Amino acid sequence: MYKILIVSDSHGRKGQIMDLIDRITDLNHIFHLGDVVSDAIDLESISGLLVDYVAGNCDFNDMITPENKVVEILGKRFYLTHGHNERVKYSLKKLERLAKKEKFDGIFFGHTHEPYMEYYGETLIMNPGSISLPRNGKLPSYSIIQIDDKGRVHGTLNDYKNSSEKNF
């Protein structure tokens, strides 16, 4: 089993992410979906885990970090983006077209600060919400993706405070 922690929109507040790294057993990898890139860089050096990350709209001074990235793990292809360029606050149509065209196993985005998880065809489209600044009455949240021994991708949305999960 390969386990990936997915967080977004930490905005300089890494304490809860560090707590998750300490609590989640058998964690292999972290995806950070932007806002703030320096948090992702710190996580990599502190945790010793591989961290893949993208820049968000609040990372406007970062001219090096890409705004989207394709990551392949155990034959599974994942698309990481913050989502501001895809205008995810208004529609997920751009992500759905990308899922159909590229046949990604997962598309992960942030920006809205609200958790979301649905399948579009065979592609899991997921927003972990914000680990630090949730919106619309939501609690701080994160996601876990697991690739099982048969190569299947499983995802959960997790409430940081109550540790509740929504499985897909």
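Read-outs: derived from the displayed coordinates by stated rules, not from any lab. Only a predicted model underlies this, so the values are computations on that prediction, with no experimental measurement involved. Every residue, glycine as well, gets a Cβ built from its backbone with ideal geometry; the counts of neighbours run over all protein chains shown.
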>> Using the Karplus curve 6.51 cos²θ - 1.76 cosθ + 1.60 with θ = phi - 60°, what ³J(HN,Hα) values do you get for each residue of segment 23-35, in whole Hz, with x for Gly and Pro?
In response: 8, 7, 7, 6, 6, 10, 7, 10, 10, 10, 9, x, 6
> For the chain, what relative contact order do you get, as a whole percent, if you take Cα pairs closer than 8 Å and at least 6 residues apart?
Replying inline: 22 percent
> Amide H of TYR53: which non-local residues (sequence gap of 5 or more, or other chain) have their own amide H closer than 5 Å, using H built in the peptide plane?
Replying inline: HIS32
>> Explain nothing, just compute: Karplus ³J(HN,Hα) = 6.51 cos²θ - 1.76 cosθ + 1.60, θ = phi - 60°, for every residue of segment 79-93 in order, whole Hz, x for Gly and Pro.
In response: 10, 10, 8, 6, x, 5, 6, 8, 6, 5, 5, 10, 6, 9, 4
> For P(r) over Cα pairs in 10 Å bins from 0, in percent, which listed value, (i) 10, 39, 41, 10, 0; (ii) 11, 45, 37, 7, 0; (iii) 10, 35, 30, 17, 7, 1, 0, comes from the coordinates shown?
Replying inline: (ii)
> Going toward the positive end of the dipole of the chain, with +1 on Lys and Arg Cβ and -1 on Asp and Glu Cβ, which of TYR2, PHE78, TYR53 do you reach last?
Replying inline: PHE78
> Per Stokes-Einstein, at 25 °C and 0.890 mPa s, what whole-number D in µm² s⁻¹ belongs to segment 77-153, with the Kirkwood radius over Cα pairs as the hydrodynamic radius?
Replying inline: 191 µm²/s
> Could you work out the helix-only [θ] at 222 nm for the chain, with each DSSP H run of four or more residues adding -39,500 (n - 2.57) and the total divided by the number of residues, to the nearest 500 deg cm²/dmol?
Replying inline: -5000 deg cm²/dmol
>> In whole Hz and in residue order, list the ³J(HN,Hα) couplings for segment 123-130 that follow from phi through the Karplus curve 6.51 cos²θ - 1.76 cosθ + 1.60, θ = phi - 60°; x for Gly and Pro.
In response: 9, 7, 10, 9, 10, x, x, 10
> Quick one: putting +1 on the C-beta of Lys and Arg, -1 on the C-beta of Asp and Glu, what dipole do you get for the chain around its Cα centre, in Debye to the nearest 20?
Replying inline: 600 debye
